[in-house]
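The values are calculated or read from the model by the stated rules, or taken from the named source; none is laboratory data. Bear in mind that the values here come from a model prediction, so they are computed numbers and not experimental data. Note that we place each Cβ from the backbone using ideal geometry, even for glycine, and neighbour counts take in every protein chain shown.
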Amino acid sequence: MIKKLDLLIVRSFTGPFIVTFFVALFVLVMQFFWLYMDELIGKGVNAWTILQLLIYMSTTLVPLALPLSVLLASIMTFGNMGENFELVAIKSSGISFLRFMAPLLVFIIFVSGLAFIFSNNVIPVANLKAFSLLYDVRNAKPTMNIKEDKFSNDIPGFSIRVGHKDPDGNTIRDILIYDHSDNLGNNKIILAKEGEMTSSADKQSLVFKLRDGWRYEEGYTRGVNDFTQIRMHFDKWDKVFDLTSLRFTRTNEDLFKTSNQMLNVSQLSEQMDSIKRTVKKSVATVESYMAPYISINNKSKESDNLLAGIKNNKNPLIKYDTSFLQHIPDSSRSAALTTALNNVRNFKASMDITSYDKKLQLDNYMKLDVEWHRKYALSFACILLFLIGAPLGAIIRKGGLGMPLVIAVIFFMAFHILNITGEKLVKSETVVPWMGMWMSSIILLPLAFWLVKSARNDSQIFTKEWYLRTWRKFVKMIPVKINAIG
């Protein structure tokens with residue numbers, strides 16, 4: 001009986017879980033698409049490239065969609081059972097709420113393990129593909145778009161204005177072209193009454209077949225201070241524009257491989273160990289920087305004698321009745337001051353470089369540590385949100401997509417906001433990385449245990465009748481208190 005019940009519970013959870021997962025993933029992908037819509041449209045990128053980008057981005061959003069789908073599916077599953085009095089029947093047969101949750105908890109732990117494997121092995125590759133492709137699309141130049149009575153600067157080195165375009169889209173009239181390709185200003189101008197605008201067979205060139213026009217060129221002769229102007233009339237002339245600079249090109253993905261989001265757990269750990277060794281070496285090199293400027297650190301006979309004298313002398317600090325400079329001859333005083341100031345400046349510059357390099361290394365270490373904890377925290381979030389969603393569904397006893405969806409969105413928003421807040425606290429160096437990345441789990445885990453305890457005791461905190469009964473009791477107590485006061 002119990003084994004059949006376990007299978008029934010898992011089956012009743014699997015359907016809503018799969019549906020809500022793809023719905024949540026679709027919503028997150030659409031959010032990404034709306035965020036970057038202005039940078040994706042009008043770039044001449046084909047549909048297959050956009051589809052690839054959406055597939056890669058949907059893969060990177062799986063760790064965020066999984067916790068939301070687990071939360072919503074668990075509320076729906078237990079809410080449906082509570083609404084249909086199945087939970088009451090199961091509890092009346094002697095099966096506790098924790099035993100009822102056990103099969104789904106095991107299933108969610110299995111899902112959480114798969115989520116970690118996916119996040120550790122698939123997500124880095126998907127991030128590499130997605131962000132490199134997104135970089136190329138965002139930096140692609142817009143497609144050629146020549147409008148009437150407006151200058152178009154889409155082609156590098158040219159500014160083109162077309163007075164009128166016929167309905168066929170090819171015939172153009174009243175054409176003005178400024179040629180800036182030699183970077184000497186408006187020294188070349190082309191005017192034509194009409195022409196045709198066509199593309200080459202390989203789509204790499206744009207050809208203007210101009211008719212009845214003039215070419216104006218202003219040149220500078222070397223060694224002569226005057227400018228010469230050339231004016232030429234043409235009946236027919238083909239002006240070819242190179243469009244290869246507008247072509248969408250892909251950047252080498254190896255340039256993005258060192259980013260934190262493109263590394264798995266072992267690579268992140270290796271990078272962090274490397275940074276630790278680098279920081280230790282930088283601290284050890286400080287002594288070598290100090291040695292040329294502080295004689296006591298020099299490994300020489302003079303420094304040894306000076307150090308021995310300081311150790312043997314009970315009062316090693318020599319007291320001067322006047323400034324130390326008074327004991328330096330006038331002829332050497334200026335040189336001594338200059339040498340001392342130069343040594344101090346050089347020493348400070350060396351320390352500043354070392355300090356700045358150490359700060360950069362520690363910042364990189366912090367980012368790597370954040371990514372390392374993120375992989376574990378998002379996987380554990382599936383278990384955490386199940387422990388919140390299952391008792392919530394048993395308490396509210398409402399199925400469907402109404403009340404469960406509202407409650408799931410509220411709790412997931414709280415979880416997501418805590419995640420973002422924790423990460424920002426880490427970046428501001430307010431808390432350590434592990435505390436910031438696990439802050440949402442640390443705060444919500446006690447709430448999950450309290451909800452589980454409330455569901456075991458059949459709490460009615462989310463039922464309307466409980467609040468109505470409490471309000472009626474409160475109203476009945478008011479006249480009694482008034483009479484007692486009177």
Pairs, please: C-beta under 8 Å, at least 6 apart or cross-chain, first residue assigned by TED's automatic domain parsing to the domain that holds T59 and more than 30 Å from Q204 (Cα to Cα) and in the range 29-48, second assigned to a loop (DSSP other than H, G, I, E, B) and at pLDDT 70 or above? V29/L61; F32/L61
In the range 173-210, anything modelled with pLDDT under 80 and part of a strand (DSSP E or B) is listed as S199, S205, L206
Sole residue being outside any helix (DSSP H, G or I) and touching a residue at least 12 places away in the same chain (Cβ under 8 Å), chosen from K367, K398, K358: K398
Being of a type in the set (S, T, Y), touching a Ser or Thr at 6+ places or on another chain (Cβ under 6 Å) and either farther than 19 Å from V29 by Cα or surrounded by 14 or more Cβ atoms within 10 Å (Cβ to Cβ) (or both) is the requirement here; does S112 meet it? yes
Please work out which one of (1) in contact with a Ser or Thr (Cβ under 8 Å, 6 or more places away or on another chain); (2) under 30 Å from D273 (Cα atoms) is the condition L384 fails and give its number. (2)
Quick check on the range 59-89: of everything there that is touching a residue at least 60 places away in the same chain (Cβ under 8 Å) and more than 27 Å from S112 (Cα to Cα), which residue is surrounded by the fewest Cβ atoms within 10 Å (Cβ to Cβ)? N84
Of the conditions (1) at pLDDT 70 or above; (2) loosely packed, with under 14 Cβ neighbours inside 10 Å; (3) touching a helix residue (DSSP H, G or I) at 6+ places or on another chain (Cβ under 9 Å), N264 clears all except one; give me its number. (2)
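A quick yes/no check of all residues on (1) outside any helix (DSSP H, G or I); (2) at pLDDT 85 or above:
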| position | (1), (2) |
| --- | --- |
| G15 | no, yes |
| F21 | no, yes |
| F33 | no, no |
| G42 | yes, no |
